[in-house]
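The values are calculated or read from the model by the stated rules, or taken from the named source; none is laboratory data. Being a predicted model, the structure only gives us computed values, none of them experimental. As a convention, Cβ positions derive from the backbone with ideal geometry for all residues, glycine included, and neighbour counts pool all protein chains shown.
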Amino acid sequence: MQAKKEKTVTGIIYKRRAANEADVFARILTEKDGLFSIAVKGALKPKSKLNAATLNFSFGDYKIMTNGAGISTLRAPGHVQTFDQLFTDLKLNAYASYMLDLVDHAFVEYEDVGESFTLVRTSLQLLNQTVNPEAVLALFELQMLPIFGVGPQLRECIICGKQQGKFDYSIDLGGVICSDHFNQVPTRLHLSPKAVGLMRTLGLIKIVQLGQISVSAALLREVLNALDRIYRQTLDLNLKTKTFIDSMHFW
């Protein structure tokens, strides 16, 4: 095994647990080194500066000791900021926790996550600014599907390639279908044309363009319900963070 070397990474802390009375283990998603666990020694001691720098939804630079495998060790935090709104708003906290849980299940440790880091960082920034949280969540879920290997065909009808007209979605076929083939696909979701249009838009745009979209809460709920069905039937992740979000509808 290679000896650990000092390295500075830019990342987002998204999960942590106590290791003992003084130390914690934290999960971090980094820009270039993927996700992994770090040991934070002394974080729970009184007046420890490491505690505040490794709270959930902290973002910044961290000097670590690592060999690119197993648990790395935090040496010192650099400039770190927190997404404060995600602490105080229960719904935003739940959305952010679920999105990072998806990422945690989509990648293996120390694997380059590519553009997913930008997707996560920008999504958290938008949630922190309370910019249409349900739209952020829907876009995030749609754009995570290809990473899980079940990316939907949204640009054109998955049967004939038609790009304009009235569309629905088929989980069995893995994409949108045009009205020419509705009768051939009895298991289609029977979504409204506006909902399918929104799914296509959210699945194809960049996250930074999201602020330009204004849609009704009812339409977003239809899209999120469709995504629930897609995730259940194609991935079956059974995440506690998603179960918590679902339970919030009954409060």
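Quick notes on this one:
- The condition of being on the phi < 0 side of the Ramachandran plot and in contact with a Leu (Cβ under 9 Å, 6 or more places away or on another chain) holds for LEU50.
- Counted as qualifying within the range 1-73 are the strands (runs of 3 or more DSSP E) with 1 or more residues that are under 23 Å from LEU100 (Cα atoms) and at pLDDT below 95, namely 5-18.
- Taken together, the criteria place LEU92 among residues that are crowded, with 17+ Cβ neighbours inside 10 Å, in contact with a Pro (Cβ under 8 Å, 6 or more places away or on another chain) and modelled with pLDDT of 95 or more.
- Considered as a group, the residues in the range 73-123 that are in contact (Cβ under 8 Å) with a residue 60 or more places away in the chain and assigned by TED's automatic domain parsing to the domain that holds ASP23 include one that is farthest from LEU50 (Cα to Cα), and that residue is THR73.
- Of all residues in the range 148-188 being of a type in the set (A, V, I, L, M) and closer than 11 Å to ARG200 by Cα, the one that is surrounded by the fewest Cβ atoms within 10 Å (Cβ to Cβ): LEU154
- Answer residue from the range 47-105, given it is over 15 Å from ILE28 (Cα atoms) and of a type in the set (Gly, Ala, Ser) and is nearest to the chain's Cα centre (by Cα) among those: ALA94
- Total residues in the range 79-138, condition of a type outside the set (Phe, Trp, Tyr) and not in a helix (DSSP H, G or I): 17
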